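A.B. asks: Below is a structure I'd like to ask you about.
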Amino acid sequence: MSAKATTLKVSKHTDLTGTSTGYKVFAVIVLILVALFFLFPLYWIATGSFKPILEITSRTPVWFPQNPNYTKLFNNPAWRWLFNIVFISAVAMLLTCITASLAGYALAKKRFIGRTVLFTIIICAMALPKQVIVIPLNQEMTQIFHLNDTLWAVILPTVGWPFGVFLMKQFAETIPTEILEAARVDGAGEVRTFLTVVLPMIKPGIGALAIFTFVNTWNDYFLQLVMLTSRESWTLPLGIAKLQGEMAQDYGLIMAGAALASIPIIIVFIAFQKYFTQGIAMGAVKG
């Protein structure tokens, strides 16, 4: 190879390396700016929970306040409200993951009469807004199950989440039928096959469903508003909204409640982040 060709090759390599490095630096700067843009509201809520009303409404921002509103917040039954919403979301998440994984596996791998019709009904239910059925749900919880103004009146309507069944069916369809047949040949029953073969293979889907269910139940303010009436049974989002009505100008107290309400969501997402990422990636590849 001539010296000219060698020089030209090195020059091209240097240009490509320089271009690649410049692109990476630009991409990192853009990502940092975008991250700061989305993190700033969280910072403002967190710092606002330590500000009195005069500092919040001041034209000159106070970046590092030192006057927490949490003492005032817990003069209300905030611990009770926090327990209520965590209990509702956690139990709904657990029951939804169990029922949806079983139903999804049955719809994906079992053949029975009416399977297609049943799955069609589930798909149609996904398109039905909860506001349409909230009155029948309220009457059902009140007149049939006698669970009015209890936490279970919010949990039970969430358990049969059509999206959860649909999601787990899509994951169960990726399981090779040969593996299930091999488990039956080895003498495994339906329960053992599901626990030892199916469950480990759909675990990423369960992790994704757990996050979706927890967040969806936590943010389902409308159902909580309809089902829960007494102050002791309120959830934290419902309690914050009521405080906003009672103390319309105390933004510091409202921000303290919002900051407290965000902590369990962050903990759940961190706990299930690995499975959530795997579940989304598997769903994208399958699609």
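The values are calculated or read from the model by the stated rules, or taken from the named source; none is laboratory data. Note that the coordinates shown come from a computational prediction; the quantities given were computed from them, not determined experimentally. Note: ideal-geometry Cβ built from the backbone for every residue, glycine included; neighbour counts use all protein chains shown. Keep in mind that these areas ignore ligands, DNA and RNA; they rest on the heavy atoms of the full protein, side chains included. Shrake-Rupley method; radii C 1.70, N 1.55, O 1.52, S 1.80 Å.
A.B. asks: If I ask for residues that are more than 15 Å from the chain's Cα centre (by Cα) and open to solvent by 10 Å² or more (accessible area, probe 1.4 Å), which ones from segment 208-226 would you list? Show your work before the answer.
C.D. replies: As a first pass, look at segment 208-226 and keep what is more than 15 Å from the chain's Cα centre (by Cα): 222-226.
If the condition is that a residue be more than 15 Å from the chain's Cα centre (by Cα) and open to solvent by 10 Å² or more (accessible area, probe 1.4 Å), then Phe222, Leu225, Val226 are the ones that fit.
A.B. asks: Every residue in segment 259-281 that is open to solvent by 40 Å² or more (accessible area, probe 1.4 Å) and either at pLDDT 75 or above or small (Gly, Ala, Ser) (or both), please.
C.D. replies: Listed by number, the residues that qualify are Ser262, Ile263, Ile265, Ile266, Ile267, Phe269, Ile270, Ala271, Ala281.
A.B. asks: Specify the residue that is least open to solvent (accessible area, probe 1.4 Å); the eligible residues are those in segment 120-130 that are closer than 25 Å to Leu228 by Cα and not in a helix (DSSP H, G or I).
C.D. replies: Going through the qualifying residues, I end up with Pro129.
Quick grid of which residues meet (1) touching a Cys at 6+ places or on another chain (Cβ under 9 Å); (2) in a helix (DSSP H, G or I); (3) open to solvent by less than 30 Å² (accessible area, probe 1.4 Å); (4) not aromatic (Phe, Trp, Tyr):
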site: Val132; (1), (2), (3), (4): no, yes, no, yes
site: His146; (1), (2), (3), (4): no, no, no, yes
site: Lys169; (1), (2), (3), (4): no, yes, yes, yes
site: Leu180; (1), (2), (3), (4): no, yes, yes, yes
site: Val198; (1), (2), (3), (4): no, yes, yes, yes
site: Ile206; (1), (2), (3), (4): yes, yes, no, yes
site: Gly239; (1), (2), (3), (4): no, yes, yes, yes
site: Lys242; (1), (2), (3), (4): no, yes, no, yes
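A.B. asks: Hey, another quick one. Return yes or no: is Val117 in a helix (DSSP H, G or I), aliphatic (A, V, I, L, M), over 25 Å from Leu195 (Cα atoms) and open to solvent by 70 Å² or more (accessible area, probe 1.4 Å)?
C.D. replies: yes
A.B. asks: Taking Gly239, is it under 15 Å from Val86 (Cα atoms) and of a type in the set (Gly, Ala, Ser)? First the steps, then the outcome.
C.D. replies: Values: under 15 Å from Val86 (Cα atoms): yes; of a type in the set (Gly, Ala, Ser): yes.
So Gly239 fits the description; yes.
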